[in-house]
Ligand SMILES: Nc1ncnc2c1ncn2[C@@H]1O[C@H](COP(=O)(O)OP(=O)(O)OP(=O)(O)O)[C@@H](O)[C@H]1O
Ligand SMILES: [Mg+2]
């Protein structure tokens with residue numbers, strides 16, 4: 001699937017993102033999520049990567065659901081019938097909680113969609129696709145480089161936490177949740193520092209290789225729109241139409 | 001400056017009374033520099049750390065002053081273009097600058113895209129880019145690496161890629177700012193020979209800032225010697241470096257007076273802390289990096305590890321400290337498997353100074369950086385302070401205690417990393433290319449510190465590419481090739497009787513005399529006649 005034309009990838013990702021905001025029914029959003037997961041596998045990504053990508057969002061999800069449950073206008077409180085404690089009324093509303101759940105679902109769809117753009121393909125090809133779709137080169141390069149920083153950040157975190165562990169920090173040993181929480185600032189501050197430093201140095205390195213010179217840019221990659229591309233694009237458009245229509249009807 | 005004789009060609013580079021001051025600094029980093037470099041000349045830039053070598057290099061493609069800011073007087077002209085009147089990106093067509101730290105220069109998704117980036121920006125024909133990229137990658141020994149992600153390369157491989165990315169742009173002035181510091185001897189030699197061929201054939205102008213005097217002697221036509229930003233000499237290597245350096249000085253005892261004394265408290269655990277590597281095999285997706293390696297290192301021993309770029313040296317270190325879990329075999333530190341140690345137990349046993357010091361600096365002052373380990377070890381305040389002060393004194397950074405580690409120069413950053421490990425007072429100390437980026441005095445200082453640690457009963461293992469330097473200090477030499485140990489024994493024995501192994505492992509440079517080099521056939525058509533020089 002790495003032969004897929006990057007322009008098709010861009011189109012698919014844009015369609016999925018629109019769906020995220022357009023769909024209003026939980027069933028259709030779940031359907032969109034299923035589509036995103038199928039695409040995830042189709043471009044050659046693995047489940048471990050999915051788990052690794054979503055795991056950091058756990059806390060956010062819990063917070064969003066709790067906050068919406070608490071603040072969202074609604075009048076049906078959430079009741080839990082617990083076997084030993086009896087009925088328990090939480091200060092959350094059903095409407096709020098379900099709104100929160102919907103939000104989380106949308107975020108989930110987005111989170112599984114975006115990596116499809118850059119997986120198993122060279123950034124250069126994506127940049128090329130974006131420029132062919134009319135984006136100025138600098139903007140296209142900035143967007144894709146920014147996307148590509150996500151794995152870079154992840155490896156930075158690994159580097160910094162390894163260095164801290166090798167100097168006796170126990171925060172990264174197994175099962176030290178509270179310590180981990182306390183170690184976060186110690187992780188985030190250097191992370192920001194290194195990222196900023198790298199950004200500056202990278203700017204220098206890129207200009208030293210004529211980035212932004214007056215010349216018309218060429219690319220060693222050629223884009224060719226083939227049958228597979230046409231099929232994927234058509235299928236995406238049809239699915240898009242179906243989901244939106246179904247969403248309006250139910 | 002005297003007028004140029006009539007018959008000389010116009011200079012490739014001309015500095016005219018150049019002075020430069022970094023923003024926020026009161027001192028001139030470069031002071032009233034005037035000199036001319038001719039097309040087709042190989043010029044080495046030498047001088048102690050902080051002498052202004054990097055500033056000189058960065059002024060050649062306009063990073064100084066366009067990026068750095070600061071105050072610039074006088075002028076730099078490259079092929080008659082004033083660097084102040086041209087953007088860095090435009091000068092890049094003529095000047096290729098490779099910096100020391102490869103991590104900061106690689107940003108593309110694959111090796112191929114990385115090397116093609118420059119050509120694409122110049123608007124070269126895709127076909128032409130492909131062929132010049134292929135030639136450049138082959139020239140630096142990275143053939144077959146096209147689809148690799150640059151961040152997964154070894155340190156030396158990254159440096160090779162950074163060099164190839166500039167070579168592929170076929171500049172007419174090539175500038176290396178310590179860009180070969182992590183290359184193995186064979187790789188550095190091949191690269192220099194290539195550069196010399198390009199120089200003879202296409203009048204490529206080469207400017208190389210380096211601490212490697214063997215390289216300067218073997219390849220430079222002229223040498224720029226800097227000291228505190230001033231030009232102290234610009235002449236042939238023979239005249240600038242009067243005393244020839246011996247290639248190996250095996251049995252010379254280093255000056256005892258310079259060795260720092262370390263008072264480290266005796267610790268029964270640490271005093272018998274050795275490393276026991278048993279049939280270790282480490283893999284990355286698609287590569288076997290360390291293959292069935294067994295070795296033991298004992299307290300009071302100083303061992304050196306040498307080997308080609310990518311031979312698995314760093315990977316072995318990562319396995320020793322448990323950063324990487326071997327797929328087979330195990331590592332024991334003071335008798336316990338490393339994977340079973342919690343972090344406190346681990347750092348009491350082993351301290352690791354990484355190949356790129358920036359990977360282990362994360363605090364906002366030098367003092368806090370060094371104190372991080374002792375604080376984690378739960379030492380009381382006085383003990384922490386004491387250790388930090390001693391470590392900083394040992395590396396000579398006491399006055400910089402309140403500065404930000406990342407704001408220091410390269411060699412000082414690596415000293416901070418070293419100090420932060422010294423403060424742990426671990427039993428085993430692993431040093432991954434500890435002298436890289438240091439001038440001679442600095443390198444010796446680092447080696448002397450390692451010797452003091454050894455004398456204090458520590459186990460020292462150091463990776464290095466400067467075989468001569470390593471041989472002076474390490475009593476045992478381990479040679480790695482393609483993930484395996486191919487020789488392991490007393491240094492003298494290996495140097496004297498295992499030359500063919502050293503040669504096969506790519507750690508011996510055999511710099512030819514210039515006259516012989518001229519005879520090297522032009523096998524690689526890196527540059528196209530009409531591509532060069534604009
Ligand atoms: N994260 C990684 N993923 C895949 N391959 C890797 C990774 N890190 C290293 N390698 C590969 O493993 C091999 C050994 O790498 P290692 O860093 O141990 O080499 P080294 O001997 O330290 O080289 P150098 O002298 O360049 O520092 C190399 O071929 C390298 O490309
Ligand atoms: Mg290494």
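Worth a mention:
- Given (1) more than 16 Å from ligand 2 (Cβ to nearest atom); (2) buried (at least 19 other Cβ atoms within 10 Å of the Cβ); (3) on the phi < 0 side of the Ramachandran plot, index of the condition residue B:435 fails: (1)
- Check on residue B:107, buried (at least 21 other Cβ atoms within 10 Å of the Cβ), within 12 Å of chain A (Cβ to nearest Cβ) and under 22 Å from the mean Cα position of the chain (by Cα): yes
- Residue match in the range B:306-326 (condition: within 13 Å of another protein chain (Cβ to nearest Cβ), within 15 Å of ligand 1 (Cβ to nearest atom) and in contact with a helix residue (DSSP H, G or I) (Cβ under 6 Å, 6 or more places away or on another chain)): yes
- Qualifying residue in the range B:151-171 (condition: surrounded by fewer than 24 Cβ atoms within 10 Å (Cβ to Cβ), within 11 Å of chain A (Cβ to nearest Cβ) and either more than 21 Å from residue A:212 (Cα to Cα) or within 16 Å of ligand 2 (Cβ to nearest atom) (or both)): yes
- Residues in the range A:158-186 that are modelled with pLDDT of 80 or more and crowded, with 16+ Cβ neighbours inside 10 Å: A:159, A:160, A:161, A:162, A:163, A:164, A:165, A:166, A:167, A:168, A:169.
- Against the test of being modelled with pLDDT of 90 or more and under 27 Å from residue B:283 (Cα atoms), the options B:119, B:141 yield a single qualifying residue, B:141.
- Enumeration of residues in the range B:396-427 that are surrounded by fewer than 23 Cβ atoms within 10 Å (Cβ to Cβ) and farther than 16 Å from residue B:48 by Cα: B:397, B:398, B:399, B:400, B:401, B:402, B:403, B:404, B:406, B:407
- Taking the listed residues B:92, B:12, the one that is in contact (Cβ under 8 Å) with a residue 24 or more places away in the chain and more than 9 Å from every other protein chain (Cβ to nearest Cβ) is B:12, with no other qualifying.
- Pair list, Cβ under 7 Å, 6 or more apart: the range B:143-154 residue under 19 Å from residue B:168 (Cα atoms), other residue more than 11 Å from ligand 1 (Cβ to nearest atom) and assigned to a helix (DSSP H, G or I): B:143/B:137; B:145/B:137; B:146/B:112; B:147/B:112; B:150/B:114
- If you go through the range B:173-201 and keep only what is within 14 Å of chain A (Cβ to nearest Cβ) and over 20 Å from residue B:307 (Cα atoms), you end up with B:173, B:174, B:175, B:176, B:177.
- Residue check, residue B:120 at the interface with chain A (Cβ under 9 Å from one of its Cβ atoms) and closer than 30 Å to residue B:19 by Cβ: no
- Tally, over the range B:482-504, of residues that are within 16 Å of ligand 1 (Cβ to nearest atom) and out of contact with any strand residue (DSSP E or B) (no Cβ under 6 Å at 6 or more places or on another chain): 3
- Residue that is nearest to the other protein chains (Cβ to nearest Cβ), among those in the range B:290-305 that are farther than 24 Å from residue B:456 by Cα and within 15 Å of ligand 1 (Cβ to nearest atom): B:290
- Candidates B:247, B:239, B:272, B:259 - the one that is away from ligand 2 (no atom under 16 Å from the Cβ), modelled with pLDDT under 95, in contact with a helix residue (DSSP H, G or I) (Cβ under 7 Å, 6 or more places away or on another chain) and farther than 30 Å from residue B:154 by Cβ: B:259
- Test: residue in the range B:342-356 that is surrounded by 24 or more Cβ atoms within 10 Å (Cβ to Cβ), farther than 17 Å from residue B:427 by Cβ and either more than 10 Å from chain A (Cβ to nearest Cβ) or over 26 Å from the mean Cα position of the chain (by Cα) (or both): no
- Residue satisfying condition, being surrounded by 14 or more Cβ atoms within 10 Å (Cβ to Cβ) and within 13 Å of residue A:104 (Cα to Cα), within set A:61, A:21: A:61
- Among the residues here, residue B:176 qualifies as buried (at least 22 other Cβ atoms within 10 Å of the Cβ), in contact with a strand residue (DSSP E or B) (Cβ under 6 Å, 6 or more places away or on another chain), at negative phi and not assigned by TED's automatic domain parsing to the domain that holds residue B:123.
- Residues of the range B:281-301 that are crowded, with 24+ Cβ neighbours inside 10 Å and more than 16 Å from ligand 2 (Cβ to nearest atom): none at all.
- Test: residue B:62 is on the phi > 0 side of the Ramachandran plot and more than 9 Å from chain A (Cβ to nearest Cβ): no
- Number of residues in the range B:79-89 that are in a loop (DSSP other than H, G, I, E, B) and either facing chain A (nearest Cβ under 7 Å) or surrounded by fewer than 23 Cβ atoms within 10 Å (Cβ to Cβ) (or both): the value is 6.
- Breaking point among (1) free of Cβ contacts under 8 Å to residues at least 40 places away in the same chain; (2) surrounded by fewer than 16 Cβ atoms within 10 Å (Cβ to Cβ); (3) touching a helix residue (DSSP H, G or I) at 6+ places or on another chain (Cβ under 9 Å); (4) within 30 Å of residue A:249 (Cα to Cα), for residue A:68: (2)
- In the range A:213-224, the residue that is farthest from the other protein chains (Cβ to nearest Cβ) out of those that are within 29 Å of the chain's Cα centre (by Cα) and touching a residue at least 60 places away in the same chain (Cβ under 8 Å) is A:224.
The values are calculated or read from the model by the stated rules, or taken from the named source; none is laboratory data. This one's a predicted model, so the numbers in the text were calculated from it and none came from an experiment. Note: ideal-geometry Cβ built from the backbone for every residue, glycine included; neighbour counts use all protein chains shown.
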